[in-house]
Amino acid sequence: MTEKVLAVQQMQDYIAVHLSEKITLCDLSCTAGYSPFYCARIFKELTGITPAAYIRRLRLSSSALRLRDEQCKVIDMAYDAGYDSGDGYQRAFRNEFGCNPYEYAKAPIPLPLFTAYGVKFKTLWKEQKSMEHIASVFVQVVEKPERKAIIKRGRTAKEYWSYCQEVGCDVWGILTSMKSLCGEPVCMWLPEKYRELNTSEYVQGVEVTMDHTGIIPDGFDVITLPAAKYLMFQGEPFREEEYCQAIEAVQLAIERYDPSIIGYVWDETKPRIQLEPRGERGYIELKAIQSK
């Protein structure tokens, strides 16, 4: 992994921690250990946008989630997002999401929230690494109710990176803006019966209640999933540089696990589910089971 990638990741990490504070290019320069000019250049090179635009979009997305979930005033969101007036915040919000923050607060709709993907993760995924030790994986039976899933299909994708290449990474932002039964979006590997002709096995979506009546974003489909039991496999918390090994450890545990020892067999008629890999909680996948 290059020093350039590490420097940009350090700047992204700093922004994430200090998002509610004033952040200057000098702050990022001190964090990364390079000149402000060089930091600005490599940040845009690897993320596609300037540090200022990156911070602005993150703050607007954060404020949108607060407007959705909290009883807060738009003017307070404006100040928290770094704007001197409500008018400036309203213009920025409309330019970013295409709607007025007052209207959104009253009737939230799916929005293309900005998702800050760490530049380090994509590099780590491409690197070939081997597991140096056997990680612990926690296994638990969980139950999911009958529900709907609002999904975005790809074309031929069977995993995350090929899916992003087919549909783009912005899908996750839209899904994050939608309230989910499990509190977050999910990725799924769909069995054949849930797939349409010439669409991908791997999809991203959000699980919602059966009586969900909210807006379905353009290009998304709705499928109905039956109530089911799952085995949830959760790995150890991991550091960023252990991202790929963390996924590999859980998927290897799933491959080796025999559910018959607890009276079940795999149920291949239900989607396999993947949650967003987060270092602080470990990598999580769920695979459906049924009684023997």
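Derivation of every value follows stated rules applied to the coordinates shown; laboratory data play no part. Here the structure is a predicted model, which means the values were calculated and not measured. Every residue, glycine as well, gets a Cβ built from its backbone with ideal geometry; the counts of neighbours run over all protein chains shown.
Of note:
- Ranking Cys187, Gly86, Val137 by how far each Cα lies toward the positive end of the dipole of the chain (charges on Cβ) leaves Gly86 at the top.
- Only Cα pairs under 8 Å and 6+ residues apart enter the sum, and on that basis the relative contact order of the chain stands at 17 percent.
- Debye, to nearest 20: dipole size of segment 1-132, +1 on Lys, Arg Cβ, -1 on Asp, Glu Cβ: 360
- Placing pseudo-labels 7 Å out from each Cα toward the beta carbon at Glu255 and Glu21 gives an inter-label distance of 4.4 nm.
- For segment 146-292, radius of gyration divided by Kirkwood radius, i.e. Rg to Rh on alpha-carbons: 0.96
- Kirkwood radius, the chain, all distinct C-alpha pairs, inverse of mean reciprocal distance: 20.9 Å.
- Eligible lysines near Lys287 by straight Cα distance, threshold 30 Å, same-chain separation 8 or greater: Lys120, Lys122, Lys126, Lys129, Lys144, Lys148, Lys152, Lys158, Lys179, Lys193, Lys229, Lys270
- Subtracting the Cα-Cα distance of Leu197 and Gln290 from their residue separation scaled by 0.36 nm leaves 30.7 nm.
- Projecting the Cα atoms of Gln290, Cys244, Val171 onto the charge dipole of segment 163-292 (Cβ charges, centred on the Cα centre) puts Gln290 farthest toward the positive pole.
- Binned Cα-Cα distance frequencies in segment 160-242 - 10 Å width, integer %: 13, 44, 35, 8, 0
- Over all Cα atoms in segment 236-292, the spread is summed up by Rg and Dmax: 12.9, 40 Å.
- For the chain, size of Cβ-based charge dipole, Lys and Arg +1, Asp and Glu -1, in debye: 400
- Top positive-direction residue, dipole computed over segment 152-268 with Cβ charges, set Thr199, Thr213, Gly154: Thr213
- Stretchable slack from Glu240 to Ala52, in nm (0.36 nm times residue separation minus alpha-carbon distance): 65.3 nm
- All alpha carbon pair distances within segment 1-157 were sorted into 5 Å bins beginning at 0; the resulting P(r) in whole percents reads 1, 7, 14, 14, 13, 14, 14, 11, 7, 3, 1, 0.
- Here Lys73 is the anchor, and the lysines within straight C-alpha reach of less than 17 Å, apart from those fewer than 8 places off in the same chain, are Lys106.
- Three-way shape label, segment 25-71, alpha-carbon gyration tensor, a/c 1.5: prolate
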